[in-house]
1. On the basis of being under 20 Å from B:Arg299 (Cβ atoms) and either modelled with pLDDT of 95 or more or of a type in the set (Gly, Ala, Ser) (or both), does B:Lys271 make the cut?
2. Part of a helix (DSSP H, G or I) and over 28 Å from B:His220 (Cβ atoms) - does that describe any residue in region B:414-426?
3. I'd like to check something: does region B:31-38 contain any residue that is more than 15 Å from the ligand (Cβ to nearest atom), free of Cβ contacts under 8 Å to residues at least 24 places away in the same chain and outside any loop (DSSP other than H, G, I, E, B)?
4. Within region B:45-91, can you find the residues that are away from the ligand (no atom under 12 Å from the Cβ) and among the β-branched types (Val, Ile, Thr)?
5. B:Trp432 is checked against (1) surrounded by fewer than 21 Cβ atoms within 10 Å (Cβ to Cβ); (2) more than 14 Å from chain A (Cβ to nearest Cβ); (3) within 16 Å of the ligand (Cβ to nearest atom) and fails just one. What number does that condition carry?
6. Could you identify the single residue in B:Gly69, B:Gly96, B:Gly75, B:Gly49 that is at pLDDT below 95 and either more than 22 Å from A:Glu10 (Cβ to Cβ) or more than 13 Å from chain A (Cβ to nearest Cβ) (or both)?
7. If the requirement is being more than 26 Å from B:Tyr247 (Cβ to Cβ) and more than 14 Å from the ligand (Cβ to nearest atom), which of these qualifies: B:Arg437, B:Arg344?
8. Condition test on B:Arg249, is it under 21 Å from B:Asp168 (Cα atoms) and more than 15 Å from the ligand (Cβ to nearest atom)?
Amino acid sequence: MSKLLKGNFEPKKPVNAPAPTPETLEGRFEREAMKRLGGSIAYVSKKKVMWDLKKKD
Amino acid sequence: MTKVLFVNPLVREEDVPRHVPYGIALLAAIAMRDGHLVQVYDANAWRLGEGALREVLGADDWDVVALGGITTAYGSIKHIVRIAREVCPKTTIVLGGGVLTSLPREMMGWLPEVDVGVIGEAFKTFPEILDRLGAGDRAWPAVKGTISRGPGGKLAMSPARELLHDLDSLPFPAWELFPLEEVYFPNSQVLFSEEGMLATRRLDINASYGCSLICRFCYHLGIAGDMRYVEGKDGELNVEFDRPGAYTRVIRYHSPEYVVKLARHAYDRFKINFIGFLDENLMTMDQSSNRVWMREICRLWKENGLQPSYLRDGSERTESWTGIHWSGTSHATLCTPEILKEMRSAGCSHLVYGYESFSPQVLKRLGKGSTPKTNIRSFFWTLEAGIRPIPNQIIGFPSEDFDSIRDSMGAWERLGIVVKPFFATPYPGSEWFAVYRESIEEQHGGDLEKFVLELGDATKITAVISHNFNAVELLGLRELMLMKDRVRIDEYERVWRASRKIPAGHPSTLYRDPSALAVVGG
Ligand code: B12
């Protein structure tokens, strides 16, 4: 396992790098879509959507 | 003995991390050489967020948390020092690098968590800080090249630190303290040449410091003799960089022996196949050395077995090689066909040229010592030598006008250049910043920190310094340039002239020489 800290002594508490989390399908899609943005290519970034269907007066 | 944690802040988050921070790698090597306890957390490489940062900061009792970087790392630095102060209340926080150097007083004001700022070169200042801390001494005003807080929080700037002249006395950078296998080697690719694309194990080397040119947009981090200490009207010491009529430089370079020994060390220890030279400009160094430096590096490259195998054997280019390919930055007027050929034969794959523009009036005012003619000449010389030229372009110069835009478009078409120009950006420390500071602040509602937080790649507009065009016009014109749409540019020129009430027969420009305008900061 990789160490987050690299140096010339052992720190009191070792800190290991977390196992890499594989990219989600959603993340991969948004990254790929972003590269092609423009013209008929548009997408909705799910992270940024504000879902509010309540009627406002 | 002092226990130091270096933290490399995040930079250019829109791309994967590609460069071991060379300054921090050298400072870590110096600290270890001097017997200190050193750890490095490369937050830019790992990109793990606040949880990991807190864990790292809590991993030991650090005497010093040290960080630094380029100006665009400011946002990340602000975040890191806030967390560092929270997790390590008693630790001395040291900030250095280009980010602090261009605006030391402002930075210390914006970042109250920082105890000591290292202004300019840190090769002598930083080890002195560590030694003093080891001896329990915190009298920072006695350490040259620092800014610190005195009683009542008043900022104290000590006298300027002299530059290190014997560069070869520097140890090799502590590359081994960075996640090479985990992060940097997988991101070795540089899409500027075939060899750059095929690079699988790349490291960078900075072989020289400084640049003899006075490009108005450039900042040299205060480590190129470009920084002067001046007393303001209030009697307070401050730093000053290029401004109209006031330019200073010190040119320093490592010996070719040091450079090639370092490359050989990287080859033997880390099995690299590509080196990116970080030097501001290899050609200004070559010129300063009376044309012996580059040639000698190339000769020793070959003598030490670093020339890529197929170049040595005179055979067809292959997709893998023994030896090291390399790249760097060149200059339109200062390169020669002879040296370019030598460089190719030693393994040079591509050279970045800041051509910036193909307009005679823009280049003349830029201070680069290049002309459209030398731009074009160097372009062909470089191609002929077998090296790919990378032609950077900028739009939005103070004197940019419709003709300069058409000049650049014409050259792109003739030379087959495919480019999306940067926007002229007045980074702190540049002459543009000194000249246009008041306007920049105005454009950000008087909040300079807001401007600094916005700074990035110069692919978006952060402050307009063009006398002729506003942000909307610059964005539109750049788009039309990319579309090669001369008709709409001509059409817009007519609208523009009418709205600016420019009479027939007068050129389409409102440009006034900035040295005639008020200069702020000096
Ligand atoms: C590698 C590099 C990068 C890397 C990042 C490097 C990093 N991790 O910080 C990348 C590729 C991301 C980059 C990007 C850009 N860069 Co750049 N880059 C460089 C380059 C080529 C080398 C830097 C280097 O290692 N220098 C050598 C070492 C020894 O110097 P140093 O790191 O500054 O370290 C010394 C001191 O500053 C100080 N120091 C540094 N860190 C620390 C930490 C501590 C604790 C202390 C005490 C001291 C200290 O001590 C060291 C020894 O004296 C320089 C040119 C150059 N030759 O310096 C340009 C340079 C720094 N970049 C520059 C520019 C303009 C840019 C861009 C804006 C270009 C663009 N238009 O896209 C972008 C910004 C991108 C973004 N979105 O943020 C400018 C100045 C930037 C600035 N205002 O700070 C420079 C000087 C080039 C130039 N002359 O125009 N860059």
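1. Spelling it out, it is not the case that B:Lys271 is under 20 Å from B:Arg299 (Cβ atoms) and either modelled with pLDDT of 95 or more or of a type in the set (Gly, Ala, Ser) (or both).
2. So in region B:414-426, the residues part of a helix (DSSP H, G or I) come out as B:414-415.
From what's left, over 28 Å from B:His220 (Cβ atoms): B:414-415.
Yes: region B:414-426 contains one or more residues that are part of a helix (DSSP H, G or I) and over 28 Å from B:His220 (Cβ atoms).
3. Within region B:31-38 (the criterion being more than 15 Å from the ligand (Cβ to nearest atom), free of Cβ contacts under 8 Å to residues at least 24 places away in the same chain and outside any loop (DSSP other than H, G, I, E, B)), the answer is no, since none of the residues qualifies.
4. B:Val56, B:Ile83, B:Val87, B:Thr91
5. (1)
6. On the way: B:Gly69 fails: at pLDDT below 95; B:Gly96 fails: at pLDDT below 95; B:Gly75 fails: at pLDDT below 95.
Going through B:Gly69, B:Gly96, B:Gly75, B:Gly49 in turn, just one is at pLDDT below 95 and either more than 22 Å from A:Glu10 (Cβ to Cβ) or more than 13 Å from chain A (Cβ to nearest Cβ) (or both): B:Gly49.
7. Numbers: B:Arg437 fails: more than 26 Å from B:Tyr247 (Cβ to Cβ).
None of the other options fit; the residue is B:Arg344.
8. no
The values are calculated or read from the model by the stated rules, or taken from the named source; none is laboratory data. Computed from a prediction, not measured in an experiment: that's the story for all the values here. When we count neighbours, we look across all protein chains shown, and the Cβ atoms used for this are built from the backbone with ideal geometry, even at glycine.
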